[in-house]
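What follows is a structure written as structure tokens; I'll ask about it next.
The values are calculated or read from the model by the stated rules, or taken from the named source; none is laboratory data. It should be emphasised that the depicted structure is a prediction, and the values quoted were computed from it without experimental measurement. Here Cβ is always computed from backbone atoms with ideal geometry, including for glycine, and neighbour counts include all displayed protein chains.
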Amino acid sequence: MKTELEPLDYPPLTEDLVEAKNHLDEYGVCIIKNAFSAEEVEIMDNRLKEQFAGEEKYGVGSKVRGDEGYGLKSSNEEKVSRLVWNLINKGDCFIPLINHPKIYPLIEHIIGEKTILCSMGAHMNGSGNERMPLHQDQWPLVPHPLEFPVMANTMVLVSDNSPESGGTRLIPGSHKWPKIDYKMANSSKYQEMAKSITAPKGSAIVWEGRVWHGNGLNRSGEVRSNISIAYLQSWIRPQENSQYSVREEVIEKLSDKQKEIIGFSPFGTLGGHDGSSVSPAGFDRDRESIGILKG
Ligand SMILES: O=C(O)CCC(=O)C(=O)O
């Protein structure tokens, strides 16, 4: 007899948008084949490798082993992985990822047309890393058990993903599970259900915010780089505050749609300035931010 909390297998890779949307509905996950050309992957890979070395040299950014979410501590040498945050600032090759035509329609399929970028960062998992806890992305960002997705995530595979290289581990079908708590999800029974994906670089995984997942164990001797592009419904506060963090010279390169997605447009009555709906993209702090006045 089937128990309620059973995983599905991964859906097959697809290049067809309609099929991908069907996979998202059924599995909570889809895998897009050939989302990026070999040349695009190489450019992103080179830029990430330079950035990894630069953040290492200047002692900035986030260095991890992977298992910090269990409260475990490790030495600097054991921290073989880097989370390279806020990629929008870190190379022109990442700007098209904000609304990539092979990915963004799938995000809209999951959470609707009004989205805000939650974060865009590279998970550069070193060989010898440890497992992060299984988690759902939309919890605890939204600390209420919601029976619908308010978040959608993507992994652009800049490296080949496999069990050996620590491919992302997801539990397809878990978006339809009743709520289970974090401790139960991290028991060996559920850990075993989360298998590392096997897909070549240039693919993209998209999943909805209720799917249980985590990283895999990389024992390949090489760094495994995936770029996460995570989106929220626009009423939720994002992980990265783009209005504050995106550099002036980068904003100049963005289209209006890209500015909207990184949160530079009000959503209804939310995110305006001084009661107005002035788009922060064209916002002039001195004109719009009225201070003390006397009549
Ligand atoms: O690095 C990975 O493969 C997974 C990362 C992940 O699950 C996350 O950051 O939410």
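Give the residue, chosen from Glu260, Glu249, that is at pLDDT 95 or above, within 25 Å of Tyr104 (Cα to Cα) and not aliphatic (A, V, I, L, M). Talk me through it step by step, then tell me what you get.
Numbers: Glu260 fails: at pLDDT 95 or above.
Residue meeting the stated conditions: Glu249.
A further question on this structure: Which of the residues belonging to region 139-161 are away from the ligand (no atom under 15 Å from the Cβ) and either of a type in the set (D, E, K, R) or in a strand (DSSP E or B) (or both)?
Glu147
Are any of the residues in region 223-232 surrounded by fewer than 22 Cβ atoms within 10 Å (Cβ to Cβ) and farther than 20 Å from Arg47 by Cα?
No, region 223-232 contains no residue that is surrounded by fewer than 22 Cβ atoms within 10 Å (Cβ to Cβ) and farther than 20 Å from Arg47 by Cα.
On the given criteria, is His123 under 25 Å from Val211 (Cβ atoms), at pLDDT 95 or above and outside any helix (DSSP H, G or I)? It would help to see each step written out before you state the result.
Working: under 25 Å from Val211 (Cβ atoms): yes; at pLDDT 95 or above: yes; outside any helix (DSSP H, G or I): yes.
Answer is yes for this residue.
Let me ask you something else. I need a count of the residues in region 128-150 that are farther than 24 Å from Gly71 by Cβ and either of a type in the set (Lys, Arg) or buried (at least 18 other Cβ atoms within 10 Å of the Cβ) (or both).
2
For Pro200, work out the one condition from (1) within 19 Å of Leu13 (Cβ to Cβ); (2) without any contact (Cβ under 8 Å) to a residue 40 or more places away in the chain; (3) not aliphatic (A, V, I, L, M) it doesn't fulfil.
Every condition holds for Pro200 apart from (2).
Could you list all residues from region 220-258 that are under 30 Å from Glu130 (Cβ atoms), in contact with a helix residue (DSSP H, G or I) (Cβ under 6 Å, 6 or more places away or on another chain) and assigned to a loop (DSSP other than H, G, I, E, B)? Working first, answer last.
Going through region 220-258, the residues under 30 Å from Glu130 (Cβ atoms) turn out to be 220-232, 236-241, 245.
Retained after the next criterion (residues that are in contact with a helix residue (DSSP H, G or I) (Cβ under 6 Å, 6 or more places away or on another chain)): 225, 229, 231.
Hits for region 220-258: nothing passes.
While we're on this one: Any idea how many residues of region 162-189 are within 28 Å of Gln233 (Cα to Cα) and either within 16 Å of the ligand (Cβ to nearest atom) or not acidic (Asp, Glu) (or both)? So that I can check it myself, show each step before the final result.
Step one: of region 162-189, the residues within 28 Å of Gln233 (Cα to Cα) are 167-186.
Those left that are additionally either within 16 Å of the ligand (Cβ to nearest atom) or not acidic (Asp, Glu) (or both): 167-180, 182-186.
Number of matching residues: 19.
Go through region 151-181 and give me each residue that's closer than 19 Å to Leu13 by Cα and surrounded by fewer than 19 Cβ atoms within 10 Å (Cβ to Cβ).
If the condition is that a residue be closer than 19 Å to Leu13 by Cα and surrounded by fewer than 19 Cβ atoms within 10 Å (Cβ to Cβ), then Asp160, Ser162, Pro163 are the ones that fit.
Same structure again: Scan region 270-291 and tell me whether some residue there is under 25 Å from Gly61 (Cβ atoms) and loosely packed, with under 13 Cβ neighbours inside 10 Å.
Step one: filter region 270-291 for residues under 25 Å from Gly61 (Cβ atoms), giving none.
Within region 270-291 (the criterion being under 25 Å from Gly61 (Cβ atoms) and loosely packed, with under 13 Cβ neighbours inside 10 Å), the answer is no, since none of the residues qualifies.
Mind counting the residues in region 128-161 that are within 18 Å of Pro238 (Cα to Cα), touching a Pro at 6+ places or on another chain (Cβ under 8 Å) and aliphatic (A, V, I, L, M)?
Of the residues in that region, 0 qualify.
For Ala122, only one of the following conditions fails: (1) out of contact with any Pro (no Cβ under 6 Å at 6 or more places or on another chain); (2) more than 12 Å from the ligand (Cβ to nearest atom). What is its number?
Just one mismatch for Ala122, condition (2).
Yes or no: region 203-219 includes at least one residue that is in a loop (DSSP other than H, G, I, E, B), modelled with pLDDT of 95 or more and surrounded by fewer than 20 Cβ atoms within 10 Å (Cβ to Cβ). Show your work before the answer.
Of the residues in region 203-219, the ones in a loop (DSSP other than H, G, I, E, B) are 203, 209-212, 215-217, 219.
Okay, now just the ones that are also modelled with pLDDT of 95 or more, so 203, 209-212, 215-217, 219.
Next cut, surrounded by fewer than 20 Cβ atoms within 10 Å (Cβ to Cβ) only: 217, 219.
Yes, the conditions are met somewhere in region 203-219.
Can you pull out the residues in region 56-103 that are free of Cβ contacts under 8 Å to residues at least 40 places away in the same chain and within 25 Å of Arg247 (Cα to Cα)?
Residues satisfying the conditions are Glu56, Lys57, Tyr58, Gly59, Val60, Gly61, Ser62, Lys63, Pro96, Pro101.
For residues that are near the ligand (Cβ under 10 Å from one of its atoms) and either under 16 Å from Lys79 (Cβ atoms) or of a type in the set (Gly, Ala, Ser) (or both), tally how many sit in region 210-226.
6
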